[in-house]
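S.K.: Take this structure first; my questions come after.
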Amino acid sequence: MKAIKSGKFWVSLVLFSLVGQIAWVVENMYFNVFIYNMFGATEKQISFMVGASSVVATLTTIFIGALSDRIGRRKIFISLGYILWGVSILAFALVRQDIIAPIVPAGTTAAAVCITITIILDCLMTFFGSTANDACFNAWLTDITEENSRGKVEGINAMMPLMAILVVFGGFMGFDLKDSVSWTTIFIIIGAVVVVIGIASFFLIKEVPIASDTNKNYLKNIIYSFRPSTVKSNVILYVGIIAFAIFNISIQIFMPYLILYYEQALSLKNYVLIMAPAIIIAGIVTAVYGRVYDKFGFTIAILPAMGSLMLGYILLICFTNTVMVFIGSLFMMTGYLAGMAVFGAMIRDRTPKDKAGALQGLRIVGQVLIPGIVGPAIGAAVLSGAERIMVDGTEKFIPNINIFIAAAVAAVVALGAIWLLHFIIKKAKTKEQTNTIEE
């Protein structure tokens, strides 16, 4: 508690979470636009890129998280991870057809090679980003916080993806995203910022002592979260991860195609100006919503978030005019980020203190791996019959409302998993109260 009351902690939380999320926003929302606009990528290629990145993120978090437990340090992984993360982003500035074309083998197009290079670099970037952010920064947050403060901290942490979207949307307004020079500039700016943040982390991150006596065996750390005994002793955590995974599948069905939907299907060329107020409002709500979890617990906190998400889906399915798209996007984003805050706080509360690093991999399975493979694949499947248009000799697909219909169905399934989790938590509390009375 003393640590999180310091100004340095809050600066670190906001700075590293925000910059990390800016990098993830560029990857998760704009790499799709990048390979769509620059190289004519299909929905299946976009889905494959997201899935491959999800696998790398999960494996990295499992192995590096366990390694940070093993050596009892997080800071070195955070600092070096951010620096190398930034360098990998800078490398994307070289992925241009005019640079790649002279070295392309006969019978292969420069666009196809650029798509392949983008996917490979995306996986490399994900390795460094997951080392710094997913595995070690998130483990550090678990180490440094306590149960009565995690909702508040997670409220700030969970609003950062929206703030990152706002920063990226605003920053990208001055760029023509159909111009390769614009993308080169974007990658240079973001890569340089992430490198600087990595350097700053050496001075801002406070190393938290980790009880590493139980973490000496690295192999055991890696397989710890997959052992039946671990599952048995942490049932609420594992059922919570399943519900979290389904929740994130709902998000990942539409998220890789969201900007393309705004631009191509709705012709919202000024979608940044439309979305900015929605992002700001949703961010403010999310920042304080974590306190609801601290005060009332998981079930009461998650249901309004799911209600907001579902309402957003319904509005986006039923309406295509600018005003209603704005309102629908506001409810959708608020539900998404509030849900992330509640799930994040619950998972931190249920994570054994001396295994925060080892169990970050489990969190990423629910947050990234399963949703990152299943969600975009469902999105690609429901868009398989989408309208096609020819642009500069390249056939491109037009996203439609099917992505929101499928996302809403997944959200209903998530509600079923949340209901099951509610009864398991209730049963566990009843058992604890009975044991207390008997003692």
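S.K.: Just to be sure before I move on: is residue 98 in contact (Cβ under 8 Å) with a residue 60 or more places away in the chain, surrounded by fewer than 20 Cβ atoms within 10 Å (Cβ to Cβ) and of a type in the set (Asp, Glu) in the structure I sent?
M.R.: Criteria met by residue 98.
S.K.: Sticking with this structure for a sec: Please specify each residue of the stretch 241-293 satisfying the condition of being over 27 Å from residue 14 (Cα atoms) and not hydrophobic (A, V, I, L, M, F, W, C).
M.R.: 257, 261, 262, 263, 264, 267, 269, 270, listed by residue number.
S.K.: Could I ask something else about it? Out of all the residues in the stretch 58-74, which are assigned to a helix (DSSP H, G or I) and either farther than 21 Å from residue 143 by Cα or not hydrophobic (A, V, I, L, M, F, W, C) (or both)?
M.R.: Selection gives 58, 59, 60, 61, 65, 68, 69, 70.
S.K.: So, one more: All but one of (1) part of a loop (DSSP other than H, G, I, E, B); (2) surrounded by 19 or more Cβ atoms within 10 Å (Cβ to Cβ); (3) at pLDDT 85 or above; (4) not charged (D, E, K, R) hold for residue 378, so report the exception by its number.
M.R.: It fails just one condition, (1).
A quick yes/no check of all residues on (1) more than 19 Å from the chain's Cα centre (by Cα); (2) under 28 Å from residue 234 (Cβ atoms); (3) not charged (D, E, K, R):
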position	(1), (2), (3)
280	no, no, yes
293	yes, yes, yes
305	no, yes, yes
320	yes, no, yes
339	no, yes, yes
363	no, yes, no
377	no, no, yes
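S.K.: Given the criterion of a type in the set (Val, Ile, Thr) and more than 25 Å from residue 132 (Cβ to Cβ), identify the matching residue among 104, 33, 95, 55.
M.R.: 104
S.K.: Restricting to the stretch 57-87, name every residue that is surrounded by 22 or more Cβ atoms within 10 Å (Cβ to Cβ) and over 23 Å from residue 167 (Cα atoms).
M.R.: 57, 58, 60, 61, 62, 64, 65, 66, 68, 69, 74, 77
S.K.: When you check residue 98 against the structure, is it modelled with pLDDT under 85, in a helix (DSSP H, G or I) and acidic (Asp, Glu), yes or no?
M.R.: no
S.K.: Sticking with this one: Residues being modelled with pLDDT of 80 or more, of a type in the set (A, V, I, L, M) and either outside any loop (DSSP other than H, G, I, E, B) or closer than 21 Å to residue 111 by Cα (or both): count how many of those fall in the stretch 381-400.
M.R.: Of the residues in that region, 3 qualify.
S.K.: State all residues of the stretch 260-279 that are crowded, with 23+ Cβ neighbours inside 10 Å and under 14 Å from residue 383 (Cβ atoms); if no residue qualifies, say none.
M.R.: none
S.K.: Is at least one residue of the stretch 311-318 under 30 Å from residue 208 (Cα atoms), over 18 Å from the mean Cα position of the chain (by Cα) and assigned to a helix (DSSP H, G or I)?
M.R.: no
S.K.: Further question: Which residue out of 9, 39 is touching a residue at least 40 places away in the same chain (Cβ under 8 Å), of a type in the set (Phe, Trp, Tyr), buried (at least 19 other Cβ atoms within 10 Å of the Cβ) and under 29 Å from residue 176 (Cβ atoms)?
M.R.: From the options 9, 39, the qualifying one is 39.
S.K.: Kindly evaluate residue 53 against the criterion of being in contact (Cβ under 8 Å) with a residue 24 or more places away in the chain, assigned to a helix (DSSP H, G or I) and closer than 19 Å to residue 202 by Cβ.
M.R.: Spelling it out, it is not the case that residue 53 is in contact (Cβ under 8 Å) with a residue 24 or more places away in the chain, assigned to a helix (DSSP H, G or I) and closer than 19 Å to residue 202 by Cβ.
S.K.: When you look at residue 247, is it under 24 Å from residue 16 (Cα atoms) and either among the hydrophobic types (A, V, I, L, M, F, W, C) or not in a loop (DSSP other than H, G, I, E, B) (or both), yes or no?
M.R.: When the stated conditions are applied, residue 247 does not pass them.
S.K.: Name the helices (runs of 4 or more DSSP H) wholly inside the stretch 108-190 in which the number of residues that are under 15 Å from the mean Cα position of the chain (by Cα) is 2 or more.
M.R.: 110-129, 150-172
S.K.: Out of curiosity, is residue 305 among the small types (Gly, Ala, Ser), assigned to a helix (DSSP H, G or I) and more than 24 Å from residue 368 (Cβ to Cβ)?
M.R.: Numbers: among the small types (Gly, Ala, Ser): yes; assigned to a helix (DSSP H, G or I): yes; more than 24 Å from residue 368 (Cβ to Cβ): no.
Against the criterion (among the small types (Gly, Ala, Ser), assigned to a helix (DSSP H, G or I) and more than 24 Å from residue 368 (Cβ to Cβ)), residue 305 does not qualify.
Let's see how each residue does on (1) under 25 Å from residue 8 (Cβ atoms); (2) β-branched (Val, Ile, Thr):
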{"site": "161", "(1), (2)": "yes, no"}
{"site": "170", "(1), (2)": "no, no"}
{"site": "174", "(1), (2)": "no, no"}
{"site": "185", "(1), (2)": "no, yes"}
{"site": "189", "(1), (2)": "no, yes"}
{"site": "193", "(1), (2)": "yes, yes"}
{"site": "199", "(1), (2)": "yes, yes"}
{"site": "204", "(1), (2)": "yes, no"}
{"site": "207", "(1), (2)": "yes, no"}
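S.K.: When the stretch 76-114 is examined, which residues are found to be in contact with a Cys (Cβ under 8 Å, 6 or more places away or on another chain) and within 30 Å of residue 222 (Cα to Cα)?
M.R.: 77, 78, 81
S.K.: Output the number of residues of the stretch 166-217 satisfying the condition of being acidic (Asp, Glu) and modelled with pLDDT of 90 or more. Break it down stepwise before answering.
M.R.: Start the filter on the stretch 166-217 by keeping residues that are acidic (Asp, Glu), which leaves 176, 179, 207, 213.
Then keep just the ones that are modelled with pLDDT of 90 or more; that gives none.
Looking only at that region, the number is 0.
S.K.: Here is a further query. Pick from the stretch 296-319 the residues that are of a type outside the set (Gly, Ala, Ser) and free of Cβ contacts under 8 Å to residues at least 60 places away in the same chain: which of them is farthest from residue 277 (Cα to Cα)?
M.R.: Among those residues, the one meeting the criterion is 296.
The values are calculated or read from the model by the stated rules, or taken from the named source; none is laboratory data. Please read these numbers as outputs of a predicted model, since none were measured by experiment. Glycine gets a Cβ as well: all are built from the backbone with ideal geometry, and neighbour counts include every protein chain shown.
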